[in-house]
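Student: Below is a structure I'd like to ask you about.
The values are calculated or read from the model by the stated rules, or taken from the named source; none is laboratory data. Keep in mind it's a predicted model, so treat the numbers as computed, not measured. Note that each Cβ is placed from the backbone with ideal geometry, even for glycine, and that neighbours are counted across all protein chains shown. These area figures cover heavy atoms from the full protein model, side chains too; ligands, DNA and RNA do not enter into them. Shrake-Rupley method; radii C 1.70, N 1.55, O 1.52, S 1.80 Å.
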Amino acid sequence: MKTDENIINYSVVIPVFNSQDTLVMLVAQIREVFLSQNLTFEIILVDDYSTDKSWEVVCNLKKEYENEIIGIKLSKNYGQHNAVFCGIVHSCGEFVITIDDDLQTPPQEIIKLIERQKETNSDVVYGIYQEKKHSWFRNWGSRSIQRLSKWLFKYPGKGSSFRIFTKQIAQNLSIHKHPFTYIDEIFHWYTNNINFVDVEHQKRLHNKSGYSNWRLIKLFANILFYYTAFPLKLMTILGFIFSIIMFLVGIRYIIQKIFFNVPLGYTSLIVAILFSTGIIMMCLGIIGEYLSRIYLFQNKKPPYSISQIAE
């Protein structure tokens, strides 16, 4: 976490990916919000290895607003959560605000986050969209992840990438160097003082969402394996259930052999072998997933790597 002699009220962290058409307007509107409120601020733009001219736009914005913009380019695509994490590590505001780069959340809604935080003195405040202007699959994927969090972690089960949190929470976040950083889960490791406020969500004007179907599935898998032991618990439960079933089936065939002189059939034998082998292979696969992530963690795979900082 950086330090600075001048107090900065708010750090705005924006993960950037192929958003050359929205960045100028986004930064202009964010500046307008804070200047109208007479608040000091910094805008941290983290380019997650865009393939368009986003980095060029970031560099131009840095030249135009030298004291207000921090531009960081990652050396490869690490994903939205890791890009946000990078921005948080480099922030120095009393509060950190995260917002997407697509202008679907109007920057004017930042005022609602600030006011809600002041009213409740919360450590974290989420902006909640009453109606998301995404495709049905993207909305379904987001709802599924939120329900997963509610069920597995016993949390409220709602949140978004539009949030504000305190400097203390940001400092706590910055010490976690996992290969995959799920920020919303880590919040709950440090505080239950979390609130919500309704905000507007608009249709995307440029490009498509960076979250493809595969990315949503990968995000779901990473949350499941990095931050829960649920697959291991499920494996234990299934193993116990199927061991009882196979034991009862075995007893049945033994009784038939002793009292009814029924020959053990080839089909029943093959079914039993394939069924039990399938369960074993599934369990080994789950163990393998956890071992691969432990291996990555032990090798200290970085959550991000910076290739360039805008000057």
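Student: In nm, what is the difference between 0.36 nm times the number of residues separating Asn195 and Gln108 and their Cα-Cα distance?
Tutor: 29.4 nm
Student: Accessible area of segment 68-123 with a 1.4 Å probe: how many percent of it is carbon plus sulfur?
Tutor: Heavy-atom surface of segment 68-123 belonging to carbon and sulfur, 1.4 Å probe: 42 percent.
Student: Let me ask you something else. Would you calculate the separation in nanometres between label points at Ser75 and Asp52, each defined as 7 Å from the Cα along the Cα-to-beta-carbon direction?
Tutor: 2.7
Student: Note down the nm distance, to one decimal, between modelled labels 7 Å out along Cα→Cβ at Arg204 and at Thr236.
Tutor: Distance between label points: 4.1 nm.
Student: Ok, one more. Taking H placed 1.01 Å from N in the peptide plane, check which residues at least 5 places from Val13 or on another chain put their amide H under 5 Å from its amide H.
Tutor: Long-range HN contacts for Val13: Ile44, Ile97, Thr98, Ile99.
Student: Treating cross-link reach as a plain straight distance, find the aspartates and glutamates whose alpha-carbon is under 18 Å from the alpha-carbon of Lys177, omitting any fewer than eight places away in the same chain.
Tutor: Result set, ordered by chain and number: Asp48, Glu185.
Student: Over segment 1-73, average the accessible area per residue using a 1.4 Å probe and give it in Å², no decimals.
Tutor: Dividing the accessible area of segment 1-73 by its residue count gives 49 Å².
Student: Counting only residues 5 or more places away or on other chains, whose amide H sits under 5 Å from the amide H of Asp47 once H atoms are built in the peptide plane?
Tutor: The list, which skips near neighbours in sequence, is Val16, Ile72, Lys73, Leu74.
Student: Which pairs in the list Lys158/Lys233; Lys112/Lys203; Lys76/Lys203; Lys73/Lys203; Lys63/Lys118 are over 23 Å apart, alpha-carbon to alpha-carbon?
Tutor: Lys158/Lys233; Lys76/Lys203; Lys73/Lys203; Lys63/Lys118
Student: Based on Cα coordinates alone, diagonalise the gyration tensor for segment 71-119, multiply each eigenvalue by 5, take square roots, and list the semi-axes in whole Å, largest first.
Tutor: They are 24, 14, 8 Å, listed largest first.
Student: Jot down the radius of gyration and Dmax of segment 1-101, Cα atoms only, both in angstrom.
Tutor: Rg then Dmax for segment 1-101, in Å: 12.6, 37.
Student: Classify segment 12-52 as rounded, prolate or oblate, taking a ≥ b ≥ c as the square roots of the eigenvalues of its Cα gyration tensor: rounded when a/c is under 1.5, otherwise prolate if a/b is larger than b/c and oblate if not.
Tutor: oblate
Student: Can you compute 3J(HN,Hα) from phi for each residue in segment 32-44, using the Karplus curve 6.51 cos²θ - 1.76 cosθ + 1.60 with θ = phi - 60°, rounded to whole Hz and x for Gly and Pro?
Tutor: 4, 4, 6, 5, 5, 9, 6, 10, 7, 7, 9, 10, 9
Student: Asn6 versus Glu289, label points 7 Å from Cα toward the beta carbon: distance in nm?
Tutor: 4.8
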